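A short worksheet on the structure shown next.
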Amino acid sequence: ERELTFSLSSHSPATFTAWCNSHLRKAGTQIENIEEDFRDGLKLMLLLEVISGERLAKPERGKMRVHKISNVNKALDFIASKGVKLVSIGAEEIVDGNAKMTLGMIWTIILRFAIQDISVEETSAKEGLLLWCQRKTAPYKNVNIQNFHISWKDGLGFCALIHRHRPELIDYGKLRKDDPMTNLNTAFDVAEKYLDIPKMLDAEDIVGTARPDEKAIMTYVSSFYHAFSGAQKAETAANRICKVLAVNQENEQLMEDYEKLASDLLEWIRRTIPWLENRLPENTMQAMQQKLEDFRDYRRLHKPPKVQEKCQLEINFNTLQTKLRLSNRPAFMPSEGKMVSDINNAWGNLEGAEKGYEEWLLNEIRRLERLDHLAEKFRQKAAIHEAWTEGKEDMLQKRDYETASLSEIKALLKKHEAFESDLAAHQDRVEQIAAIAQELNELDYYDSPSVNARCQRICDQWDALGALTQKRSEALQRTEKLLETIDQLYLEFAKRAAPFNNWMEGAMEDLQDTFIVHTIEEIQGLSTAHEQFKATLPEADKERQAILGIHNEIAKIVQTYHVNMAGTNPYTTINPQEINAKWDKVRQLVPQRDQALIEEHARQQNNERLRRQFANQANIIGPWIQNKMEEIGRISIEMHGTLEDQLTHLRQYEKSIVNYKPKIDQLEGDHQLIQEALIFDNKHTNYTMEHIRVGWEQLLTTIARTINEIENQILTRDAKGISQDQLNEFRASFNHFDRDRSGTLGAEEFKACLISLGFDIANDAQGENEFSRIMSIVDPNRMGIVTFQAFIDFMSRETADTDTADQVMASFKVLAGDKNYILADELRRELPPDQAEYCIARMAPYTGPDGVPGALDYMSFSTALRPDSGPPAYLLRSPPHPLTAPSPHSCPTTLIFCMSGLIFLSPPPPPRPRPTCPASSPLLHTLSPLYLLPTQRSSSPGLQRGREKMFVFIFLLSLFFFSS
């Protein structure tokens with residue numbers, strides 16, 4: 001029942017009069033004054049008979065008031081029998097000519113018989129009529145229908161409705177928004193002349209009123225709806241084709257996008273791997289550090305976008321495969337070499353080359369650092385040795401002993417002995433030079449040829465010195481018997497001065513020697529050794545004083561005994577001035593060494609601080625990433641709320657993970673400081689930056705894949721019409737048999753899960769064959785495992801279906817006007833331009849005997865669009881139908897699923913093994929609401945036609961939901 005109120009408008013009487021006459025003229029009469037002509041009730045009853053198609057009670061023909069009231073009551077009773085509750089409207093008011101009550105009654109009749117039956121997407125009558133107007137006028141510029149008053153003032157809305165259905169009646173392109181009078185009169189005249197819609201409105205009243213009467217316009221617009229309702233069938237058929245074509249076009253675009261993205265990513269990997277595999281070393285530390293900086297730029301700037309591209313590529317591939325499965329299309333097979341597995345293999349090769357490249361860079365830097373240190377040490381020792389050997393060969397080749405006196409011979413002999421002592425002391429230096437040169441060769445030093453040449457010269461010279469020394473020693477020994485006098489003091493000076501001088505040279509060399517350390521302990525060891533050296537300086541100073549005392553004693557003897565000396569010690573070239581100078585040099589180098597050790601100690605302390613700073617963060621981030629990975633794993637197998645709730649939770653979870661990125665960046669900064677400081681180890685943590693990077697990338701990829709899996713489950717649920725309770729039952733069953741929480745089921749686990757859901761799989765040959773067939777569906781790659789997505793897809797196919805080729809073919813036949821072919825103009829008229837051209841380009845010419853030029857074969861095209869369409873999921877054995885009451889061996893019945901507003905009608909498929917679903921089965925209870933209709937045809941033609949109409953209505957409604 002409906003309660004109605006009415007407010008009188010100046011436009012309503014004329015509009016309502018015209019509406020009543022449009023129906024009364026079918027009975028050969030009309031009214032002139034709506035307030036007077038309905039007072040006797042006769043024309044009111046006639047109007048109701050015409051618009052309802054039913055016969056009312058026989059009217060009273062008398063002229064008395066009681067007869068008129070009786071006739072009006074019969075009309076009001078008929079209106080009330082149609083579910084309309086009339087408030088404050090009685091027969092007496094109508095008979096008395098009450099204008100407001102009469103117009104309210106007519107508006108009630110209009111609402112009930114002209115507007116109430118209008119319904120679009122389960123809206124109310126008014127909302128449905130408004131939605132119908134909006135959709136029909138959406139393609140037209142300057143038309144924006146939002147209500148039933150001011151949206152129609154410019155007349156373009158009426159013209160658009162006419163042009164949409166009968167474009168030959170109005171040239172819409174010549175209409176102007178600023179000329180509403182012309183627009184309104186054009187629409188009214190054309191509607192009256194060609195559409196048999198009487199002129200219910202006046203253009204001047206509409207333009208001259210700020211807010212036109214809403215009821216009058218609704219009444220007039222409803223006439224257009226009823227006039228054009230015949231075109232609705234063709235539009236629905238066009239929508240079906242548009243939906244199928246849109247799915248195919250979208251899938252083709254996704255395939256092209258995948259191919260391009262995969263090609264670009266593989267090409268980038270192909271270009272990058274040779275660069276990472278290039279192991280050609282550089283000769284200088286600066287060049288290798290530049291390579292390291294280039295590698296950091298690659299890790300920081302170039303690789304992260306490619307990681308995102310790879311993840312997006314996998315997501316797009318999974319989404320495409322899901323859409324193809326949902327539309328019953330064959331799975332997408334990328335071009336050769338562009339499978340996801342190929343990309344993963346190429347990516348693995350890239351990461352392998354990347355890891356080896358970084359290790360090689362660090363090893364090369366260490367090697368060059370070691371080489372620079374060794375090369376500098378080699379040059380210092382070689383320079384000292386060459387300075388010492390300068391002139392030694394000439395000295396050893398002199399034959400001065402032939403003309404010398406006995407004392408001179410003695411002196412020469414002693415001097416030579418001192419030289420031999422000095423030569424032996426230099427043996428260690430020569431061996432060190434040779435050892436350093438050998439190590440430089442083993443480390444592949446770039447300037448090894450010059451090092452080897454210099455080392456060879458030193459060794460050759462050393463051998464020559466040894467031979468010359470031996471030769472002179474033998475000569476002096478032969479002459480020694482002739483010479484007896486020797487200056488003991490000079491000899492003593494020479495013997496003691498030479499080792500001391502050698503010690504000072506060694507001390508200067510050690511004090512000036514460069515050092516390289518990597519830890520606090522190493523620098524502390526050097527400092528300890530240096531302190532021990534400083535502790536020996538007092539004893540060395542005593543030795544120096546003793547040597548200088550010998551020289552002073554020689555001078556005293558010479559002065560005392562007036563010895564005629566040549567002025568120099570015949571046994572050595574070392575003099576007190578040289579000893580003092582070297583001693584002063586040693587004392588000068590000691591504080592410099594102190595300062596160098598202090599600075600290096602500070603540097604090592606800073607390095608230790610960097611190690612601890614990095615370790616503190618890494619020891620927090622590493623376990624955090626591991627915990628997040630474990631939590632995501634738990635979320636992916638647990639059931640908490642609907643899929644949308646899980647998706648929302650995962651996206652919030654993803655947001656919290658992304659918000660953690662600044663800590664990763666901060667750790668990257670600490671890691672860069674460590675690398676710039678050339679720190680190669682860290683005992684305070686087991687985590688390296690590489691571990692953190694790999695864990696972070698895996699975490700982002702895992703959360704993205706988990707979200708994509710939930711989205712695909714939602715897509716499957718919505719497309720297949722699976723309820724949340726079904727999904728929960730499927731997930732619960734899957735998790736119950738997933739003992740190891742791996743997210744997959746083995747073959748035996750999957751078989752047990754199917755049996756728990758009501759599938760009849762016997763332990764015999766037939767049961768094993770049926771289970772093998774099911775495994776070939778859920779595990780096409782024969783991996784021996786079943787993922788949850790494959791499990792959902794299988795259960796979806798067992799409970800739902802999509803559009804078939806026959807349905808698409810029937811839609812094309814509607815557009816073709818029941819012809820076996822269709823013309824290009826018909827496609828362009830009914831379909832959007834891009835999809836019409838898509839069909840024309842792909843349809844084969846029609847070759848049937850009834851064809852005409854330009855005829856296209858829509859039947860083969862429909863079969864190609866849905867190549868694998870066939871009978872839907874499966875039949876259930878139901879209890880006896882309450883209407884037919886068949887025998888206990890009831891025939892199969894067709895299952896109709898009504899879920900989420902989608903309705904699928906399933907004809908019985910060929911017999912095959914199927915799950916048994918007794919009335920108490922959990923699966924049957926989850927498919928609610930569920931209706932079972934007998935599959936045998938009724939003998940009543942009227943009942944059969946009613947079922948066919950019901951099928952068309954339900955099928956069109958399902959198509960509308962898909963297109964929405």
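The values are calculated or read from the model by the stated rules, or taken from the named source; none is laboratory data. Quick caveat, the model's predicted, so the values are computed rather than measured. Reconstructed Cβ throughout: ideal geometry from the backbone, glycine too, with neighbour counts over all protein chains shown. SASA here: full protein model, heavy atoms, side chains in, ligands and nucleic acids out. Shrake-Rupley method; radii C 1.70, N 1.55, O 1.52, S 1.80 Å.
Among the residues of the range 203-212, those that are open to solvent by 20 Å² or more (accessible area, probe 1.4 Å) and modelled with pLDDT of 85 or more comprise Glu204, Val207, Gly208, Thr209, Ala210, Arg211.
For the range 28-43, a residue qualifies if it is open to solvent by 30 Å² or more (accessible area, probe 1.4 Å), touching a residue at least 24 places away in the same chain (Cβ under 8 Å) and among the small types (Gly, Ala, Ser), but none of them does.
Could you please let me know if Arg693 is surrounded by 19 or more Cβ atoms within 10 Å (Cβ to Cβ) and in a helix (DSSP H, G or I)? So Arg693 fails the test.
Okay, residues lined up against (1) open to solvent by less than 10 Å² (accessible area, probe 1.4 Å); (2) modelled with pLDDT of 85 or more; (3) in contact with a Phe, Trp or Tyr (Cβ under 9 Å, 6 or more places away or on another chain):
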{"site": "Phe224", "(1), (2), (3)": "yes, no, yes"}
{"site": "Ser229", "(1), (2), (3)": "no, no, no"}
{"site": "Leu245", "(1), (2), (3)": "yes, no, yes"}
{"site": "Met255", "(1), (2), (3)": "no, no, yes"}
{"site": "Tyr258", "(1), (2), (3)": "yes, no, yes"}
{"site": "Ile269", "(1), (2), (3)": "yes, yes, yes"}
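Answer with yes or no whether Gly641 is in the same structural domain as Gly695 (by the TED database) and farther than 30 Å from Leu715 by Cβ. Judged against the criteria, Gly641 is not a match. Comparison of Thr137, Thr182, Thr186 shows that the only residue that is open to solvent by 40 Å² or more (accessible area, probe 1.4 Å) and in contact with a helix residue (DSSP H, G or I) (Cβ under 8 Å, 6 or more places away or on another chain) is Thr186.
Rundown of residues vs (1) out of contact with any Lys or Arg (no Cβ under 7 Å at 6 or more places or on another chain); (2) crowded, with 17+ Cβ neighbours inside 10 Å; (3) modelled with pLDDT of 85 or more, yes/no style:
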residue: Thr5; (1), (2), (3): yes, no, no
residue: Thr17; (1), (2), (3): yes, yes, yes
residue: Lys26; (1), (2), (3): yes, no, no
residue: Met45; (1), (2), (3): no, yes, yes
residue: Lys63; (1), (2), (3): yes, no, no
residue: Val84; (1), (2), (3): no, yes, no
residue: Ala91; (1), (2), (3): yes, yes, no
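The test for being of a type outside the set (Asp, Glu), at pLDDT below 80, open to solvent by less than 60 Å² (accessible area, probe 1.4 Å) and not assigned by the TED database to the domain that holds Glu676 does not hold for Ala375. The single condition among (1) farther than 20 Å from Thr29 by Cα; (2) assigned to a loop (DSSP other than H, G, I, E, B); (3) open to solvent by 60 Å² or more (accessible area, probe 1.4 Å) that Glu54 does not satisfy is (1).
The set of residues in the range 714-745 that are within 21 Å of Val340 (Cα to Cα) and not in a loop (DSSP other than H, G, I, E, B) contains only Thr744.
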